[in-house]
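The values are calculated or read from the model by the stated rules, or taken from the named source; none is laboratory data. Bear in mind the structure is a predicted one, so any value in this text is a computation, not a measurement. Quick reminder, even Gly has a Cβ in these numbers, built from the backbone with ideal geometry, and neighbours come from all protein chains shown.
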Amino acid sequence: MTSAPVDATATAPWATLTDLADAFEPDLRGWFASDPKRTEAMTLTAGDLVVDLSKNLITPPIAQALVQLAREVGVPERAEAMFRGDHINVTEDRAVLHTALRLPREAKLTVDGQDVVADVHGELDKMYAFADQVRSGEWTGVTGKPVQTVINIGIGGSDLGPVMVYEALKPYGKLGLECRFISNIDPTDLAEKTFGLDPETTLFIVASKTFSTLETLTNARLARTWLLDQLRERGIVGDSEDDARRAVSQHFVAVSTALDKVEAFGIDPANAFGFWDWVGGRYSVDSTIGTSIAIFIGPERFADFLAGFRTIDEHFKNTPIAGNVPMLMGLLNVWYDNFLGAQSHAVLPYSQYLHRFPAYLQQLTMESNGKSVRWDGSPVTTSTGEVFWGEPGTNGQHAFYQLIHQGTRLIPTDFIAFANPAHPLKDGDADVHELFLANFFAQTKALAFGKTADEVRAEGTPEEIVPARVFSGNRPSTSIMAPELSPSVLGQLIALYEHITFTQGVVWGIDSFDQWGVELGKQLAKELTPAVGGDEAALAEQDQSTSALIRYYLAHRR
Ligand code: F6P
């Protein structure tokens with residue numbers, strides 16, 4: 001599917017939206033007052049997710065034009081092409097099939113001659129069997145002790161997904177089993193995460209799609225050295241290569257699409273779990289990249305997690321645009337970014353368990369849609385890729401919400417909350433979850449409706465302070481609620497944002513599945529290594545700023 005993208009900015013709905021934006025006067029107070037059914041009409045359901053769009057800055061004509069825009073640029077058709085396995089990752093000439101990772105066993109999908117469903121379930125079965133072995137204690141370290149700590153070594157999509165899900169699903173994890181995550185090439189990460197660990201009960205999972213990522217391979221080598229040093233210190237393994245291989249085979253497994261490289265690294269291919277080049281790194285948490293999660297929550301719950309993704313896939317695939325939650329949320333982002341000038345988007349989960357969700361979404365959204373050219377190589381025709389950020393509430397309320405409430409920038413927000421807490425605690429008679437939710441409800445209300453100068457005055461505020469205490473309102477939010485943060489609901493939330501990202505990418509005409517923008521830095525880091533080591537000839541080749549910075553390092557290193 002390499003046909004040129006439709007230029008959204010040249011379509012009739014774009015012109016309509018431009019006119020609507022020019023004449024736009026947001027008035028959430030008025031819109032709510034004049035339409036008692038606004039919330040009912042603008043609250044949609046996708047799986048277990050109930051999504052209230054009514055506090056967004058849109059009117060029926062804007063919504064209609066956005067839906068028309070999605071139709072004109074072909075969002076549904078491109079989604080179909082994705083699900084079908086067309087090579088919509090144009091610059092890498094690949095299918096984009098993370099949605100196949102959650103197809104049921106009985107589904108049928110053959111792409112480029114590959115029986116995708118059979119392959120997916122083959123690897124899942126292998127991962128599940130391994131997870132069961134580790135959880136039951138059948139899989140042991142070299143001294144016969146069961147695994148107590150699983151360390152995932154990976155970066156980007158091979159880290160952010162697993163760590164986010166591990167944190168989110170802690171209540172579903174096996175007691176006595178801990179996961180840690182090493183990603184950064186800053187040696188501090190490995191030093192801190194291995195500190196105090198018992199090597200005899202530690203299992204490393206080296207997770208890398210390409211198995212060529214500098215950070216991951218360096219950390220994997222360091223971990224191997226750490227393991228063997230520790231075991232040798234205890235007199236458990238000898239100095240021979242055979243001893244080392246035996247220990248490594250019981251304490252290291254790998255996940256990759258490049259199983260030949262796994263073997264070359266010294267990990268037994270029997271202990272490696274595969275996936276495929278049609279799974280993008282940032283879309284891979286539901287592949288075997290989630291091995292640490294499968295071990296932690298067990299195969300049954302991992303299957304629930306996958307079923308959650310599938311629920312939203314089905315919704316995305318089968319629901320007309322006007323009721324399609326991911327499409328509408330993606331279109332709203334387009335409205336804010338391209339017509340109202342928003343440059344960032346805050347995601348604010350009211351769940352401490354989701355504290356890594358915004359970081360996860362940063363890779364998903366920004367590595368996908370931070371592009372300046374379209375999939376045919378032509379320049380984009382409008383701005384793309386807003387900055388995603390956030391922190392859990394209520395912590396954020398005491399930090400950056402000030403700017404969202406009273407700053408000069410438009411910051412659309414997504415608030416996420418759950419009806420049931422994982423820990424129902426009481427403070428005296430007060431249900432703490434209710435206090436927590438009261439904050440969630442209060443924030444979107446304050447953002448939407450604000451507080452007028454007259455209302456501030458009516459509270460007896462001295463006139464000179466009135467302006468500082470006024471809240472303009474008309475600050476948009478989407479509220480997403482679900483019964484509880486279960487494995488399935490987490491899968492649904494992730495899939496929701498995957499498809500929001502997809503929708504925006506199609507409107508902008510960009511390939512949301514490549515990431516060439518990370519390459520130059522990697523290449524230069526390699527080239528700079530001799531200069532950082534003090535090589536004068538290499539230093540002489542550097543620009544003045546880079547050279548001065550490296551010389552600072554060379555002068556100050558101890
Ligand atoms: O450098 C960016 C990136 O390629 C991401 O897209 C990816 O998730 C990450 O690096 C890790 O890559 P790998 O899984 O191949 O080690």
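Worth a mention:
- Filter pass, Gly330 being of a type in the set (Gly, Ala, Ser) and either at pLDDT below 95 or farther than 21 Å from Ile416 by Cβ (or both): no
- Index of the failed condition, Ser477 passing every other in (1) over 30 Å from Glu167 (Cα atoms); (2) touching a strand residue (DSSP E or B) at 6+ places or on another chain (Cβ under 7 Å); (3) not acidic (Asp, Glu): (1)
- Helices (runs of 4 or more DSSP H) completely within the range 157-258 that count 3 or more residues being within 16 Å of the ligand (Cβ to nearest atom), touching a helix residue (DSSP H, G or I) at 6+ places or on another chain (Cβ under 9 Å) and more than 27 Å from Tyr353 (Cβ to Cβ): 214-233
- For Val285: the one exception among (1) assigned to a helix (DSSP H, G or I); (2) crowded, with 19+ Cβ neighbours inside 10 Å: (1)
- Qualifying positions in the range 342-366 - of a type in the set (S, T, N, Q) and outside any loop (DSSP other than H, G, I, E, B): Ser344, Gln352, Gln362, Gln363, Thr365
- Failed condition for Glu80, given (1) part of a loop (DSSP other than H, G, I, E, B); (2) out of contact with any Ser or Thr (no Cβ under 8 Å at 6 or more places or on another chain); (3) not basic (Lys, Arg): (1)
- Members of the range 84-116 found to be assigned to a helix (DSSP H, G or I) and surrounded by fewer than 18 Cβ atoms within 10 Å (Cβ to Cβ), listed by number: Arg84
- Here Leu437 qualifies as over 30 Å from Val334 (Cβ atoms), under 27 Å from the mean Cα position of the chain (by Cα) and either free of Cβ contacts under 8 Å to residues at least 60 places away in the same chain or part of a helix (DSSP H, G or I) (or both).
- Members of the range 357-383 found to be closer than 30 Å to Leu485 by Cβ and touching an Asp or Glu at 6+ places or on another chain (Cβ under 7 Å), listed by number: Pro358, Leu364
- Test result for Asp313, within 16 Å of the ligand (Cβ to nearest atom) and either assigned to a loop (DSSP other than H, G, I, E, B) or not assigned by the TED database to the domain that holds Ile404 (or both): no
- Qualifying positions in the range 121-142 - in contact (Cβ under 8 Å) with a residue 24 or more places away in the chain and within 19 Å of Phe305 (Cα to Cα): Glu123, Leu124, Lys126, Met127, Tyr128, Phe130, Ala131, Asp132, Arg135
- Taken as a whole, the condition of being within 13 Å of the ligand (Cβ to nearest atom) and either basic (Lys, Arg) or on the phi < 0 side of the Ramachandran plot (or both) applies to Phe265.
- Contact map, the range 51-80: residues that are under 14 Å from Ala12 (Cβ atoms) paired with residues that are in a loop (DSSP other than H, G, I, E, B) and not hydrophobic (A, V, I, L, M, F, W, C), Cβ distance under 6 Å, separation 6+ or inter-chain. Pairs shown: Glu72/Thr11.
- Of all the residues in the range 500-528, those that are touching a Phe, Trp or Tyr at 6+ places or on another chain (Cβ under 8 Å) and closer than 26 Å to Ala540 by Cα number 0.
- Positions within the range 451-473 being of a type in the set (Gly, Ala, Ser) and part of a loop (DSSP other than H, G, I, E, B), in sequence order: Gly460, Ser472, Gly473
- For the range 1-32, the set of residues classified as without any contact (Cβ under 8 Å) to a residue 60 or more places away in the chain and crowded, with 16+ Cβ neighbours inside 10 Å consists of Pro13, Trp14, Thr16, Trp31, listed by residue number.
- Boolean, Ile416 is part of a loop (DSSP other than H, G, I, E, B), modelled with pLDDT of 95 or more, within 21 Å of the chain's Cα centre (by Cα) and of a type in the set (Val, Ile, Thr): no
- Scanning the range 502-515 turns up no residue that is in contact (Cβ under 8 Å) with a residue 24 or more places away in the chain, surrounded by fewer than 23 Cβ atoms within 10 Å (Cβ to Cβ), more than 16 Å from the ligand (Cβ to nearest atom) and assigned to a loop (DSSP other than H, G, I, E, B).
- Count of residues meeting criterion [outside any strand (DSSP E or B), under 23 Å from the mean Cα position of the chain (by Cα) and either at pLDDT below 95 or not charged (D, E, K, R) (or both)] in the range 35-55: 2
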